[in-house]
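**Q** Please see the structure below; I have some questions.
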Amino acid sequence: MPIPRITSRTPLRQSSSSSLEKAIPLTPALSLMAVNNARKTRSRTALLVFLSLVFISSYIFFVQRPALSTSIVPHRTTAASSLAEALDAMRNSHIASGAQHRKSTYSQPQVQLTPEEELAAVSSFLASLAANVIPSTVDPSQPIDPQLVLEFDTRGSRASEEVQVMVEDVWLRNPVFLYSKLYSPISREIKATLLSMNLYPAPTIMDVDIRPDADVLKPMLMRLTSLSDLPILLVGGKPVGSITEIREMVETGELQRKIYEAGAVSVDKKKKHKK
């Protein structure tokens, strides 16, 4: 076989292209195997990536998370416990101050009324509202509980001062106060005498014998005034005396003078109607 002559003009690519043209082409079976090998390679790579992600996730979830939780929870627990301690301290302080206030209030003794003050307190209580009655549980032979007849705190620091204000107020509003009997001739006589004076403020008249608290009120008035029976006439908060003494004072004008000194005045009916 003669060797081809190669000159400087002969292209070098001709031989390579001729050799490639002469190369045996791939069969369909070989092409399919090549494609399958490429797919397997990509599947292995994807599987390795997936397993790596699973491993990393598991490591973070099971190993790092408990460590992070334990490092965070103490701070939360400390903050929560500090807040709880502060709230407990505030609550205990409030409770302690309230208990101390109640203790100081209850530790103060209740105001004690003299017989004159007790008479004024009972009279003020009964005159302030027609429905007011002395409870049947009260022992009339003993001083009444001030809380039953006084409207202010009887254990307060100013209780004594308020008692004095109450005494002055009740006799200023009721300078003439008559505890009487509805069906008593003596009571009717005193009522007529008082009405004839045309007094202002008008006399406060209370028929004890028809009241629901008569069984308690009557002996209580006997104890407070040292009188033995009704009627009891009070002028400026002081008992005038028996019916005999009242009659004598009416004749001498002494009763009218005491009534004027207590704050009541005599009003002319004619002048009053003209006004």
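The values are calculated or read from the model by the stated rules, or taken from the named source; none is laboratory data. Every value quoted in this text rests on a predicted model; they were computed, and no experiment measured them. Cβ placement follows ideal geometry from the backbone for every residue including glycine, while neighbour counts extend to all protein chains displayed.
**Q** Could you figure out which of (1) modelled with pLDDT of 95 or more; (2) over 32 Å from the mean Cα position of the chain (by Cα); (3) hydroxyl-bearing (Ser, Thr, Tyr) isn't true of Ser124?
**A** Evaluating Ser124 over (1) modelled with pLDDT of 95 or more; (2) over 32 Å from the mean Cα position of the chain (by Cα); (3) hydroxyl-bearing (Ser, Thr, Tyr) leaves (2) as the failure.
**Q** Can you report the number of residues in the stretch 120-160 which are of a type in the set (Asp, Glu) and within 17 Å of Thr225 (Cα to Cα)? So that I can check it myself, show each step before the final result.
**A** Here is the first cut: in the stretch 120-160, the ones of a type in the set (Asp, Glu) are 139, 145, 151, 153.
Those still in the list that are within 17 Å of Thr225 (Cα to Cα) too: 139.
Residues that pass the stated criteria total 1.
**Q** Any idea which of (1) out of contact with any Phe, Trp or Tyr (no Cβ under 9 Å at 6 or more places or on another chain); (2) hydrophobic (A, V, I, L, M, F, W, C); (3) modelled with pLDDT of 95 or more; (4) farther than 22 Å from Asp213 by Cβ is the one Ala96 doesn't satisfy?
**A** Here Ala96 meets the rest and fails (3).
**Q** Moving on to the next point. Please return the ranges of helices (runs of 4 or more DSSP H) entirely within the stretch 135-218 where 2 or more residues are free of Cβ contacts under 8 Å to residues at least 24 places away in the same chain and more than 32 Å from the chain's Cα centre (by Cα).
**A** 185-196
**Q** Let me ask you something else. State all residues of the stretch 119-134 that are buried (at least 19 other Cβ atoms within 10 Å of the Cβ) and part of a helix (DSSP H, G or I); if no residue qualifies, say none.
**A** Taking the stretch 119-134 and keeping what is buried (at least 19 other Cβ atoms within 10 Å of the Cβ), we get 119-126, 134.
Leu119, Ala120, Ala121, Val122, Ser123, Ser124, Phe125, Leu126, listed by residue number.
**Q** If you don't mind, another one. Just checking, which of Pro115, Pro109 is closer than 22 Å to Asp213 by Cβ and of a type outside the set (A, V, I, L, M, F, W, C)?
**A** On the way: Pro109 fails: closer than 22 Å to Asp213 by Cβ.
The unique qualifying residue is Pro115.
**Q** Suppose the filter is modelled with pLDDT of 95 or more, surrounded by 16 or more Cβ atoms within 10 Å (Cβ to Cβ) and touching a helix residue (DSSP H, G or I) at 6+ places or on another chain (Cβ under 7 Å); does Met222 pass it?
**A** Judged against the criteria, Met222 is not a match.
**Q** Out of the residues in the stretch 230-275 that are at pLDDT below 95 and in a loop (DSSP other than H, G, I, E, B), state the one that is farthest from Ala121 (Cα to Cα).
**A** Lys275
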